[in-house]
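Read-outs: derived from the displayed coordinates by stated rules, not from any lab. Since this is a predicted model, take the numbers as computed values, not measurements. Cβ atoms come from the backbone with ideal geometry, glycine included; neighbour counts cover every protein chain shown.
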Amino acid sequence: MKLLELIKTYRARIIIGLLLTLGSILPGEYYVRWVFAVALAAFLGWVLIGYDVLIPYRPKRDEYQIARRPDFERALLLVKRAKKGGGREVAEEYLLEILHSITGRSFYDLRTDPPKALQAFYSSRDPYRGLKEALKILEAELNED
């Protein structure tokens, strides 16, 4: 933009800034000049930061950010893998992940002091049936809250 266009666009701001500058440097009472100086500082802050400078917010994606699926999809995948005979370890891992996301406890705490759902899973010989019981207990606990 040309200088004349900028002056026409920001004419009111330039006039207000000049009046406040003149009020703060012209001879007069000490407190009046300080009032003008504080008003000039507030005006410049408003112009520079609050009005003209627009900084767009773009959240940075972390390299190690994991795309999490909803709890229902994770539970469904867990049931499918346990039904196929994916093994007790896979079912236990996914059940621990669900409990970790719900309760916020660490995996170590969940294994050392297991909640009712995990105890039901451990007590069953069949991983599919144990998982089914554990998910029923989790559903009942979530419906209570």
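Among the chymotrypsin sites (Phe, Trp or Tyr not before Pro) in segment 1-38, those located in a DSSP loop and surrounded by at most 16 other Cβ atoms within 10 Å of their own Cβ are 10. Built from the Cα atoms of segment 3-52, the convex hull projects on average onto 3.7 nm², one quarter of its surface area. Packing around the peptides 18-28, 115-125, 91-101, taken as the average count of other Cβ atoms within 10 Å per residue, puts them in this order, highest first: 91-101, 115-125, 18-28. For segment 71-144, what does the alpha-carbon gyration tensor say about shape, rounded, prolate or oblate, given a ≥ b ≥ c as the root eigenvalues, a/c under 1.5 as rounded, and a/b over b/c as prolate? Verdict is rounded for segment 71-144. Calculated FRET efficiency, residue 9 to residue 38, Cβ-Cβ distance, R0 = 35 Å: about 0.85 to the nearest 0.05. Simple spin-label estimate for residue 109 and residue 16 gives 5.3 nm between the two label positions (7 Å along the Cα-to-Cβ direction from each Cα).
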